[in-house]
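Trainee: Would you mind keeping the following structure in view while I ask a few things?
Every number here is computed from the coordinates shown, using simple stated rules; none is lab data. The structure presented is a predicted model; accordingly, all values stated were derived computationally and were not measured. Quick reminder, even Gly has a Cβ in these numbers, built from the backbone with ideal geometry, and neighbours come from all protein chains shown.
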Amino acid sequence: MRKREKSEKGEKRINFLLILIILILLAALGVVAYKGFTVKQVQVEGTDLYPDETIRQWVLNDDYSWNTLYVFLKYKFKDAEEMPFLQQPEVRIKGPHSLSIKVREKKIAGYLYVPAMGQNAYFNKDGVVVETSSRKLEGMMEVTGLECSKVSVGEKIPVKKKSLLKAMLSLTQGLSKYKMMPQTIHCDEYSNIMLEYEKVTVNMGNSQNLSTKMETLSVIFPQLKDMSGTLHMENWSEENTDVPFEKSNGS
């Protein structure tokens, strides 16, 4: 009996010592994590829409964000607050005192102004609204002439002339492919489409033969570099391949 009692007491002591050692190690790790992982350097990459400091403030946004481990683990289990035009950030630890924040901009094909909302609706290649904002992004193509009273993020642009929207989206993808994106695409009341560049307007006419018109335009486009006026493609067809250029006054 005494031997058994001594054995049990010995096991209890060993278990106690093991638990104590584990607690000490955990406490030591806690101190290291608390003292040894302070944020001193933050590298931002992936966007020119916001200053680096704005992105830092977006991600390091609470009282515990001075700790690199905390910030890293936080965004493994939680999304950041919505930031216009940006997807969720990717946070990585580069060292005990260094973080990397990689952001991706939402893929935007262009935008149109919605007067009833006083906002610009930014849409992707499929015509789905990805963002609404009063801000105008520099270098982004604008679409004018499409009637739209209200839009919702995540839904397709609810225009009355759906066939015209389809043609405009097809045109946008083709122009992007040929690297000929204009400043503005204008759709008039007769469903004619105009491409407006800095000094040149291209009258594409209606939505017929759009793909072949774009192929033809891709051949002509480099020749328009130093010109000013209107390129008439509205009557272009496989039977009528003439593409007149009307110079503007003074050019």
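For (1) crowded, with 17+ Cβ neighbours inside 10 Å; (2) among the aromatic types (Phe, Trp, Tyr), each residue gets a yes or a no:
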position	(1), (2)
TRP66	no, yes
PHE77	no, yes
SER98	no, no
VAL103	yes, no
TYR122	yes, yes
VAL143	yes, no
LYS150	no, no
VAL159	yes, no
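Trainee: Something else about it: Which residues, taken from region 206-238, are under 25 Å from LYS166 (Cα atoms) and either touching a Pro at 6+ places or on another chain (Cβ under 6 Å) or assigned to a loop (DSSP other than H, G, I, E, B) (or both)?
Mentor: Once the filter is applied, which keeps residues that are under 25 Å from LYS166 (Cα atoms) and either touching a Pro at 6+ places or on another chain (Cβ under 6 Å) or assigned to a loop (DSSP other than H, G, I, E, B) (or both), region 206-238 yields ASN206, SER207, GLN208, ASN209, HIS232, MET233, GLU234, ASN235, TRP236, SER237, GLU238.
Trainee: Can you tell me how many residues within region 138-175 are more than 26 Å from ASN209 (Cβ to Cβ) and touching a Gly at 6+ places or on another chain (Cβ under 8 Å)?
Mentor: Within region 138-175, the subset more than 26 Å from ASN209 (Cβ to Cβ) is 138-140, 148-155, 158.
Checking the rest, the ones that are also touching a Gly at 6+ places or on another chain (Cβ under 8 Å) come to 140.
Result for region 138-175: 1.
Trainee: Take residues that are of a type in the set (Phe, Trp, Tyr) and tell me which of the strands (runs of 3 or more DSSP E) falling wholly in region 52-144 contain 2 or more.
Mentor: Working: elements: 90-95, 98-102, 110-114, 119-123, 129-133, 142-144.
Qualifying strands (runs of 3 or more DSSP E): 110-114, 119-123.
Trainee: Please verify whether region 197-205 includes one or more residues that are over 31 Å from the mean Cα position of the chain (by Cα), under 19 Å from LYS161 (Cα atoms) and either outside any strand (DSSP E or B) or not polar (S, T, N, Q) (or both). Reasoning before the result, please.
Mentor: At the first step, the residues of region 197-205 found to be over 31 Å from the mean Cα position of the chain (by Cα) are 205.
This time we only want the ones that are under 19 Å from LYS161 (Cα atoms), so: 205.
Those left that are additionally either outside any strand (DSSP E or B) or not polar (S, T, N, Q) (or both): 205.
Within region 197-205 (the criterion being over 31 Å from the mean Cα position of the chain (by Cα), under 19 Å from LYS161 (Cα atoms) and either outside any strand (DSSP E or B) or not polar (S, T, N, Q) (or both)), the answer is yes, since at least one residue qualifies.
Trainee: In the set LEU165, LEU169, which member is surrounded by 13 or more Cβ atoms within 10 Å (Cβ to Cβ), in contact (Cβ under 8 Å) with a residue 60 or more places away in the chain and out of contact with any helix residue (DSSP H, G or I) (no Cβ under 9 Å at 6 or more places or on another chain)? Full working, then the answer.
Mentor: Numbers: LEU165 fails: in contact (Cβ under 8 Å) with a residue 60 or more places away in the chain.
Result of the check over LEU165, LEU169: LEU169.
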